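None of the figures in this text is laboratory data; all of them are computed from the coordinates on show. Since the model is a prediction, treat every value here as computed from it, not as a measurement. Cβ sites come from the backbone with ideal geometry, for glycine too, and all protein chains shown count toward neighbours.
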Ligand SMILES: [Zn+2]
């Protein structure tokens, strides 16, 4: 695939944000392409028109919604409720509860060999 320069920048930005949230492994190249297109369209609309309506990405994919939120792209889901707030994923083994780096998502656990999953990281409650 031949990607113009402006899109390369967008792709690295998307990758950076998706790494931070733990979504990178769940985003296909097509998913990233959709987000890159949104960034590109917003930029070119801003250039062309002063008062353009904000672009909304319609998707039911939680990872796309999550990364879109970080990129300040507004999203709307059509079938499901959609995410209410940004999710920081925790990559873990559901069998032995070992916590992993996001790049391990979908691979085998070193300890027990189960497939590594993810779950929304819980906010720590303050002790009173
Ligand atoms: Zn394990």
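Between 66, 30, 50, the GNM of the chain built on Cα springs shorter than 10 angstrom shows 50 fluctuating the most.
Sorting 73, 83 by the number of Cβ atoms found within 10 Å of their own Cβ, with the fewest placed first, yields 83, 73. Extending 7 Å from the Cα toward the beta-carbon at both residue 111 and residue 13 defines two label points whose distance is 3.9 nm. Computed over the chain, the Cα gyration tensor eigenvalues convert (square root of 5λ each) into semi-axes of 31, 18, 12 Å, ordered from largest to smallest. Bridge orientation summary for the chain: considering DSSP beta bridges with both residues in this region, about 70 percent are antiparallel.
Dividing the summed -39500 (n - 2.57) terms of all DSSP H runs of n ≥ 4 by the residue count of the chain sets its mean residue ellipticity at 222 nm at -12000 deg cm²/dmol. Between segment 4-74 and segment 96-123, what is the separation of their alpha carbon centroids in Å? Cα centroid to Cα centroid, the span is 26 Å. For the options 112, 93, 38, a Gaussian network treatment of the chain with springs between C-alpha atoms closer than 10 Å singles out 112 as fluctuating the most. When 45, 100 are sorted by how many other C-beta atoms sit within 10 angstrom of their C-beta, beginning with the fewest, the order is 45, 100.
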